[in-house]
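S.K.: Submitted below is the structure of interest, expressed as C-alpha coordinates.
The values are calculated or read from the model by the stated rules, or taken from the named source; none is laboratory data. The model shown is predicted, which means the values in this text are computed figures rather than measured ones. All Cβ positions, even for glycine, are placed from backbone atoms using ideal geometry, and neighbour counts span all protein chains on display. Calculation scope for accessible area: heavy atoms of the full protein, side chains included, ligands and nucleic acids excluded. Shrake-Rupley method; radii C 1.70, N 1.55, O 1.52, S 1.80 Å.
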Amino acid sequence: MGAAQPNMTHFCQSSEVNKGSWLHRKDYARWHYNSPPCCSWDSAEYTDPNYCETSTEGVQAAVRAAFEMGPLIFRATPRKLALVGSNACSCSASRDPLLSMEWVPSECALRDWDAAAFCRSLRGRRILFVGDSIMHEIASVVMNSVAWDEARNRSTRRCSRQIIFGMSDTLVARKMGAQNRGEHWLTWVGAVQPDIVVLSASAHIYGYGNYTAVIDEVVREANLRSHLKLIWVTSPPGGCGARPLVQLPGGSGLPFQWGEFIARDTYSRAYFSRRSLASKFKLLDLEPLHYRVDAHVSSEDCLHLCIPGPLEIVPRLLLQVMIEANQEWT
(Lines give C-alpha, C1' and ligand atoms only; values in the text may rest on other atoms or scores of the structure.)
Protein backbone atom coordinates (compact mmCIF):
# COMPACT_ATOMS: atom_id res chain seq x y z
CA MET A 1 0.00 0.00 0.00
CA GLY A 2 1.46 3.36 -0.99
CA ALA A 3 1.29 6.76 0.58
CA ALA A 4 -2.02 8.55 0.18
CA GLN A 5 -2.10 10.72 -2.90
CA PRO A 6 -4.19 13.87 -3.23
CA ASN A 7 -7.41 13.52 -5.20
CA MET A 8 -6.10 14.87 -8.50
CA THR A 9 -7.94 15.06 -11.78
CA HIS A 10 -4.98 14.53 -14.10
CA PHE A 11 -1.68 12.70 -14.34
CA CYS A 12 1.52 14.67 -13.98
CA GLN A 13 3.10 15.78 -17.22
CA SER A 14 6.70 16.82 -17.82
CA SER A 15 8.21 18.76 -14.90
CA GLU A 16 4.81 19.22 -13.25
CA VAL A 17 5.75 16.23 -11.11
CA ASN A 18 8.49 18.18 -9.34
CA LYS A 19 6.16 19.90 -6.87
CA GLY A 20 5.54 17.44 -4.06
CA SER A 21 7.09 15.62 -1.14
CA TRP A 22 8.38 12.24 -0.02
CA LEU A 23 5.89 10.52 2.29
CA HIS A 24 6.14 7.35 4.35
CA ARG A 25 4.33 4.24 3.18
CA LYS A 26 1.89 2.55 5.51
CA ASP A 27 3.38 -0.89 4.87
CA TYR A 28 7.06 -0.78 3.94
CA ALA A 29 7.48 -4.52 4.58
CA ARG A 30 5.04 -5.23 1.75
CA TRP A 31 6.86 -2.69 -0.41
CA HIS A 32 10.12 -4.59 0.05
CA TYR A 33 8.40 -7.92 -0.66
CA ASN A 34 6.87 -6.62 -3.90
CA SER A 35 10.07 -4.96 -5.15
CA PRO A 36 12.22 -6.88 -7.65
CA PRO A 37 15.22 -8.55 -5.98
CA CYS A 38 18.41 -6.51 -6.24
CA CYS A 39 20.99 -8.54 -8.15
CA SER A 40 24.56 -7.54 -7.31
CA TRP A 41 27.70 -8.06 -9.34
CA ASP A 42 29.68 -6.88 -6.29
CA SER A 43 28.98 -9.81 -3.99
CA ALA A 44 26.85 -12.95 -3.94
CA GLU A 45 25.98 -12.03 -0.35
CA TYR A 46 23.42 -9.54 -1.65
CA THR A 47 22.03 -11.73 -4.43
CA ASP A 48 18.94 -13.93 -4.69
CA PRO A 49 20.09 -17.06 -6.58
CA ASN A 50 16.51 -17.75 -7.69
CA TYR A 51 16.47 -14.68 -9.95
CA CYS A 52 20.07 -13.49 -10.19
CA GLU A 53 23.20 -14.74 -11.92
CA THR A 54 25.58 -16.02 -9.25
CA SER A 55 28.27 -17.95 -11.12
CA THR A 56 31.63 -16.21 -11.47
CA GLU A 57 31.59 -16.73 -15.22
CA GLY A 58 28.06 -15.38 -15.58
CA VAL A 59 28.75 -12.30 -13.49
CA GLN A 60 31.94 -11.53 -15.39
CA ALA A 61 30.08 -11.93 -18.68
CA ALA A 62 27.42 -9.45 -17.52
CA VAL A 63 30.08 -6.90 -16.58
CA ARG A 64 31.73 -7.24 -19.99
CA ALA A 65 28.36 -6.90 -21.72
CA ALA A 66 27.73 -3.62 -19.89
CA PHE A 67 31.13 -2.09 -20.60
CA GLU A 68 32.28 -3.50 -23.93
CA MET A 69 31.17 -4.30 -27.45
CA GLY A 70 30.85 -8.04 -27.93
CA PRO A 71 28.53 -10.96 -28.54
CA LEU A 72 26.59 -10.45 -25.28
CA ILE A 73 23.92 -7.82 -24.56
CA PHE A 74 23.25 -6.37 -21.12
CA ARG A 75 19.57 -6.83 -20.34
CA ALA A 76 17.21 -8.56 -17.93
CA THR A 77 15.08 -11.65 -18.38
CA PRO A 78 12.41 -13.10 -16.07
CA ARG A 79 14.82 -15.83 -14.99
CA LYS A 80 17.92 -13.65 -14.73
CA LEU A 81 17.36 -10.10 -13.61
CA ALA A 82 19.89 -7.40 -14.52
CA LEU A 83 22.95 -7.14 -12.30
CA VAL A 84 24.00 -3.84 -10.76
CA GLY A 85 27.22 -2.66 -9.13
CA SER A 86 28.22 0.28 -6.90
CA ASN A 87 27.12 -1.73 -3.82
CA ALA A 88 23.54 -0.69 -4.57
CA CYS A 89 22.23 -3.99 -3.19
CA SER A 90 24.13 -3.76 0.11
CA CYS A 91 21.77 -1.40 1.96
CA SER A 92 20.46 -2.77 5.24
CA ALA A 93 16.79 -3.67 5.61
CA SER A 94 16.81 -1.47 8.72
CA ARG A 95 16.78 1.49 6.33
CA ASP A 96 13.52 0.38 4.68
CA PRO A 97 11.27 2.89 6.51
CA LEU A 98 13.13 5.69 4.71
CA LEU A 99 14.08 3.88 1.49
CA SER A 100 10.44 2.93 0.91
CA MET A 101 9.16 6.52 1.04
CA GLU A 102 7.05 7.49 -1.96
CA TRP A 103 7.08 10.74 -3.93
CA VAL A 104 3.61 12.31 -3.90
CA PRO A 105 3.09 15.30 -6.23
CA SER A 106 1.01 18.12 -4.83
CA GLU A 107 -0.75 19.28 -8.02
CA CYS A 108 -1.19 16.12 -10.07
CA ALA A 109 -1.22 12.32 -9.82
CA LEU A 110 1.83 10.20 -10.55
CA ARG A 111 1.02 7.14 -12.64
CA ASP A 112 1.34 3.79 -10.92
CA TRP A 113 3.90 1.49 -12.48
CA ASP A 114 2.30 -0.77 -15.08
CA ALA A 115 4.73 -3.03 -16.92
CA ALA A 116 2.18 -4.03 -19.54
CA ALA A 117 1.39 -0.37 -20.27
CA PHE A 118 5.10 0.36 -20.59
CA CYS A 119 5.52 -2.48 -23.07
CA ARG A 120 2.57 -1.18 -25.07
CA SER A 121 4.17 2.26 -25.13
CA LEU A 122 7.29 0.80 -26.75
CA ARG A 123 5.16 -0.42 -29.68
CA GLY A 124 7.68 -3.12 -30.47
CA ARG A 125 10.62 -0.69 -30.46
CA ARG A 126 14.01 -1.33 -28.89
CA ILE A 127 15.13 1.09 -26.16
CA LEU A 128 18.79 1.61 -25.24
CA PHE A 129 20.03 3.24 -22.02
CA VAL A 130 23.50 4.81 -22.31
CA GLY A 131 25.48 6.55 -19.60
CA ASP A 132 27.60 6.14 -16.49
CA SER A 133 27.15 3.96 -13.39
CA ILE A 134 24.15 6.03 -12.28
CA MET A 135 22.49 5.36 -15.63
CA HIS A 136 23.37 1.69 -15.12
CA GLU A 137 21.40 1.80 -11.85
CA ILE A 138 18.49 3.54 -13.60
CA ALA A 139 18.50 1.08 -16.50
CA SER A 140 18.66 -1.92 -14.16
CA VAL A 141 15.67 -0.67 -12.17
CA VAL A 142 13.60 -0.19 -15.35
CA MET A 143 14.70 -3.53 -16.83
CA ASN A 144 13.99 -5.44 -13.65
CA SER A 145 10.63 -3.74 -13.09
CA VAL A 146 9.56 -5.19 -16.45
CA ALA A 147 11.25 -8.59 -16.12
CA TRP A 148 10.00 -9.07 -12.54
CA ASP A 149 6.45 -8.49 -13.70
CA GLU A 150 6.99 -11.04 -16.47
CA ALA A 151 8.33 -13.55 -13.93
CA ARG A 152 5.28 -13.19 -11.69
CA ASN A 153 2.60 -12.72 -14.35
CA ARG A 154 3.22 -15.11 -17.21
CA SER A 155 0.30 -13.74 -19.22
CA THR A 156 1.61 -10.17 -19.24
CA ARG A 157 2.80 -8.48 -22.40
CA ARG A 158 6.56 -9.04 -22.63
CA CYS A 159 9.24 -6.58 -23.67
CA SER A 160 12.22 -7.21 -21.37
CA ARG A 161 14.38 -8.26 -24.31
CA GLN A 162 13.80 -4.86 -25.92
CA ILE A 163 15.49 -2.96 -23.06
CA ILE A 164 19.31 -2.75 -23.23
CA PHE A 165 22.14 -0.88 -21.50
CA GLY A 166 25.61 0.27 -22.60
CA MET A 167 28.21 2.06 -20.43
CA SER A 168 29.50 5.47 -21.51
CA ASP A 169 30.73 7.80 -18.77
CA THR A 170 30.82 10.95 -20.92
CA LEU A 171 28.77 9.76 -23.95
CA VAL A 172 31.35 11.24 -26.32
CA ALA A 173 34.32 8.98 -25.38
CA ARG A 174 36.52 11.84 -24.19
CA LYS A 175 37.82 12.28 -20.67
CA MET A 176 36.30 15.40 -19.16
CA GLY A 177 37.14 15.09 -15.50
CA ALA A 178 36.77 11.77 -13.76
CA GLN A 179 36.56 8.53 -15.73
CA ASN A 180 35.89 7.73 -19.37
CA ARG A 181 34.74 4.11 -19.29
CA GLY A 182 32.67 2.42 -21.94
CA GLU A 183 32.01 3.28 -25.56
CA HIS A 184 30.88 6.36 -27.48
CA TRP A 185 27.10 6.50 -27.40
CA LEU A 186 26.92 6.14 -31.18
CA THR A 187 29.05 2.99 -31.00
CA TRP A 188 26.36 1.47 -28.79
CA VAL A 189 23.69 2.72 -31.18
CA GLY A 190 25.46 1.06 -34.10
CA ALA A 191 25.76 -2.24 -32.25
CA VAL A 192 22.28 -2.36 -30.72
CA GLN A 193 20.25 -0.62 -33.44
CA PRO A 194 17.72 0.93 -31.04
CA ASP A 195 14.72 3.04 -31.92
CA ILE A 196 14.83 5.04 -28.67
CA VAL A 197 17.91 6.08 -26.68
CA VAL A 198 17.71 7.16 -23.03
CA LEU A 199 20.94 8.90 -22.10
CA SER A 200 22.69 11.24 -19.71
CA ALA A 201 26.12 12.26 -18.50
CA SER A 202 26.92 14.26 -15.42
CA ALA A 203 29.26 13.19 -12.61
CA HIS A 204 32.18 12.40 -14.94
CA ILE A 205 31.93 15.71 -16.78
CA TYR A 206 33.60 18.57 -14.95
CA GLY A 207 32.50 22.11 -15.70
CA TYR A 208 29.21 23.63 -16.81
CA GLY A 209 30.66 24.47 -20.24
CA ASN A 210 31.68 20.87 -20.88
CA TYR A 211 28.21 19.69 -19.88
CA THR A 212 26.40 22.03 -22.27
CA ALA A 213 28.88 21.17 -25.04
CA VAL A 214 28.13 17.46 -24.65
CA ILE A 215 24.40 18.11 -24.98
CA ASP A 216 25.01 20.17 -28.13
CA GLU A 217 27.19 17.43 -29.60
CA VAL A 218 24.71 14.66 -28.82
CA VAL A 219 21.83 16.64 -30.34
CA ARG A 220 23.81 17.40 -33.52
CA GLU A 221 24.71 13.73 -33.93
CA ALA A 222 21.16 12.58 -33.22
CA ASN A 223 19.71 14.99 -35.78
CA LEU A 224 21.77 13.24 -38.46
CA ARG A 225 19.89 10.01 -37.69
CA SER A 226 16.27 10.63 -38.52
CA HIS A 227 14.98 7.34 -37.14
CA LEU A 228 16.34 7.85 -33.60
CA LYS A 229 14.25 9.25 -30.75
CA LEU A 230 16.08 10.47 -27.65
CA ILE A 231 15.17 10.92 -23.99
CA TRP A 232 17.66 13.03 -22.02
CA VAL A 233 17.82 12.31 -18.27
CA THR A 234 18.55 15.06 -15.75
CA SER A 235 21.36 14.81 -13.20
CA PRO A 236 21.49 12.31 -10.31
CA PRO A 237 21.27 13.43 -6.68
CA GLY A 238 24.47 14.09 -4.76
CA GLY A 239 25.42 14.48 -1.14
CA CYS A 240 24.59 12.52 2.01
CA GLY A 241 22.22 13.16 4.89
CA ALA A 242 20.22 11.41 7.59
CA ARG A 243 16.78 12.21 6.15
CA PRO A 244 15.26 13.48 2.89
CA LEU A 245 15.73 17.18 2.24
CA VAL A 246 12.81 19.58 2.49
CA GLN A 247 14.27 21.95 -0.09
CA LEU A 248 16.64 21.52 -3.00
CA PRO A 249 20.37 21.65 -2.27
CA GLY A 250 22.61 24.37 -3.59
CA GLY A 251 26.14 25.63 -3.27
CA SER A 252 29.41 24.99 -5.04
CA GLY A 253 32.76 23.41 -4.32
CA LEU A 254 31.24 19.97 -3.78
CA PRO A 255 32.90 16.85 -5.27
CA PHE A 256 31.65 15.19 -8.46
CA GLN A 257 30.04 18.43 -9.61
CA TRP A 258 27.14 18.13 -7.14
CA GLY A 259 27.04 21.89 -6.74
CA GLU A 260 26.38 22.24 -10.48
CA PHE A 261 23.70 19.58 -10.83
CA ILE A 262 20.75 21.88 -10.19
CA ALA A 263 22.05 24.47 -12.68
CA ARG A 264 22.65 21.72 -15.25
CA ASP A 265 19.08 20.49 -14.80
CA THR A 266 17.72 23.99 -15.31
CA TYR A 267 19.70 24.23 -18.53
CA SER A 268 18.57 20.85 -19.86
CA ARG A 269 14.91 21.60 -19.10
CA ALA A 270 15.09 24.84 -21.06
CA TYR A 271 17.07 23.23 -23.88
CA PHE A 272 14.75 20.30 -24.48
CA SER A 273 11.54 22.28 -23.97
CA ARG A 274 12.09 24.03 -27.31
CA ARG A 275 9.26 23.21 -29.65
CA SER A 276 11.66 22.59 -32.51
CA LEU A 277 13.00 19.54 -30.66
CA ALA A 278 9.67 18.05 -29.57
CA SER A 279 9.34 15.63 -32.48
CA LYS A 280 12.62 13.92 -31.61
CA PHE A 281 13.71 14.67 -28.02
CA LYS A 282 12.08 14.31 -24.62
CA LEU A 283 13.26 14.96 -21.07
CA LEU A 284 13.09 12.52 -18.16
CA ASP A 285 13.16 14.87 -15.18
CA LEU A 286 14.41 13.24 -11.96
CA GLU A 287 14.32 16.31 -9.74
CA PRO A 288 12.45 14.50 -6.90
CA LEU A 289 15.53 12.35 -6.38
CA HIS A 290 17.61 15.40 -5.43
CA TYR A 291 15.83 15.42 -2.08
CA ARG A 292 17.01 11.88 -1.27
CA VAL A 293 20.41 12.49 0.27
CA ASP A 294 19.49 9.79 2.80
CA ALA A 295 19.22 7.04 0.16
CA HIS A 296 22.84 6.72 -0.96
CA VAL A 297 24.65 3.46 -0.38
CA SER A 298 26.97 4.78 2.35
CA SER A 299 28.50 7.90 3.84
CA GLU A 300 31.56 7.19 1.67
CA ASP A 301 29.51 7.07 -1.54
CA CYS A 302 27.10 9.97 -1.71
CA LEU A 303 26.23 9.48 -5.37
CA HIS A 304 24.95 5.93 -5.99
CA LEU A 305 21.54 5.01 -4.61
CA CYS A 306 20.24 1.99 -2.72
CA ILE A 307 18.14 -0.57 -4.61
CA PRO A 308 15.33 -1.04 -3.79
CA GLY A 309 14.75 2.57 -2.89
CA PRO A 310 13.63 5.89 -4.37
CA LEU A 311 14.87 4.93 -7.85
CA GLU A 312 11.59 3.07 -8.18
CA ILE A 313 10.11 6.41 -9.21
CA VAL A 314 12.05 6.21 -12.49
CA PRO A 315 9.94 3.56 -14.26
CA ARG A 316 6.80 5.48 -13.31
CA LEU A 317 8.18 8.73 -14.70
CA LEU A 318 9.50 7.03 -17.82
CA LEU A 319 6.10 5.49 -18.49
CA GLN A 320 4.58 8.97 -18.44
CA VAL A 321 7.29 10.31 -20.75
CA MET A 322 6.65 7.50 -23.22
CA ILE A 323 2.91 8.11 -23.21
CA GLU A 324 3.46 11.83 -23.87
CA ALA A 325 6.15 11.15 -26.48
CA ASN A 326 3.97 8.80 -28.49
CA GLN A 327 1.57 11.69 -29.06
CA GLU A 328 4.31 13.61 -30.92
CA TRP A 329 6.73 10.98 -32.22
CA THR A 330 5.81 9.69 -35.63
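S.K.: Please give the direction-averaged projected area of the C-alpha convex hull for region 113-213, in square nanometres with one decimal.
M.R.: 6.7 nm²
S.K.: If you count only protein heavy atoms with a 1.4 Å probe, what accessible area per residue comes out for the chain, rounded to a whole Å²?
M.R.: Value for the chain: 42 Å² per residue.
S.K.: Can you work out the Karplus-derived ³J(HN,Hα) for every residue in region 39-52? Use 6.51 cos²θ - 1.76 cosθ + 1.60 with θ = phi - 60°, whole Hz, and x for glycine or proline.
M.R.: 9, 9, 9, 7, 7, 5, 4, 9, 10, 8, x, 6, 10, 10
S.K.: Same structure again: Determine Rg/Rh for the chain; Rg is computed over alpha-carbon atoms and Rh is the Kirkwood hydrodynamic estimate from the same atoms.
M.R.: Working: Rg = 18.4 Å, Rh = 19.9 Å.
Here the Rg-to-Rh quotient is 0.92.
S.K.: Of Ala147, Gly131, Ser94, which is farthest towards the positive pole of the chain's charge dipole, taken about the Cα centre with +1 and -1 on the beta-carbons of Lys, Arg and Asp, Glu respectively?
M.R.: Ala147
S.K.: Where Lys and Arg each count +1 and Asp and Glu each count -1, what net charge lies around Leu311 among other residues with Cβ under 10 Å from its Cβ?
M.R.: Value of the local net charge: -1.
S.K.: May I pose another question? With every atom except the alpha carbons ignored, what do you get for Rg and Dmax of region 80-164, in angstroms?
M.R.: Considering region 80-164 through its Cα atoms, Rg and Dmax are 14.6, 40 Å.
S.K.: Follow-up question, since we're still on this one. Would you list the P(r) distribution for region 33-77, with all Cα-Cα distances sorted into 5 Å bins from 0 and each bin expressed as a whole %?
M.R.: 5, 23, 29, 24, 12, 6, 1, 0
S.K.: Then there is this: For the chain, modelled as a GNM with alpha-carbon contacts under 10 angstrom, which of Glu57, Glu45, Glu183 fluctuates the most?
M.R.: Glu57
S.K.: A further question follows. In angstroms, what radius of gyration and Dmax does region 198-330 have, counting Cα atoms only?
M.R.: Answer for region 198-330, Rg first and Dmax second: 15.5, 46 Å.
S.K.: Please state the Cα pair-distance histogram of region 2-125 with 5 angstrom bins from zero: what percent is in each bin?
M.R.: 2, 9, 14, 16, 15, 17, 14, 9, 4, 1, 0
S.K.: Based solely on C-alpha atoms, express the radius of gyration and the Dmax of region 123-282 in angstrom.
M.R.: Calculated on Cα positions, Rg and Dmax stand at 16.6, 52 Å.
S.K.: What does the convex hull of the Cα atoms of region 259-306 come to per residue, in Å³, rounded to a whole number? Before the final figure, lay out the partial values.
M.R.: Values: hull volume 4.1 nm³, N = 48.
Convex hull volume per residue, Cα atoms: 84 Å³.
S.K.: Another question about this same structure. What distance in nm lies between label points placed 7 Å from Cα along the C-beta direction at Gln60 and Arg275?
M.R.: Here the modelled spin labels are 5.7 nm apart.
S.K.: Using a 1.4 angstrom probe on heavy atoms only, work out the carbon and sulfur share of the accessible area of the chain in %.
M.R.: C and S fraction of accessible area: 50 percent.
S.K.: Among the aspartates and glutamates, which have Cα under 16 Å from the Cα of Lys19 when same-chain residues fewer than 8 positions away are ignored?
M.R.: Qualifying aspartates and glutamates at Cα under 16 Å: Glu102, Glu107, Asp265, Asp285, Glu287.
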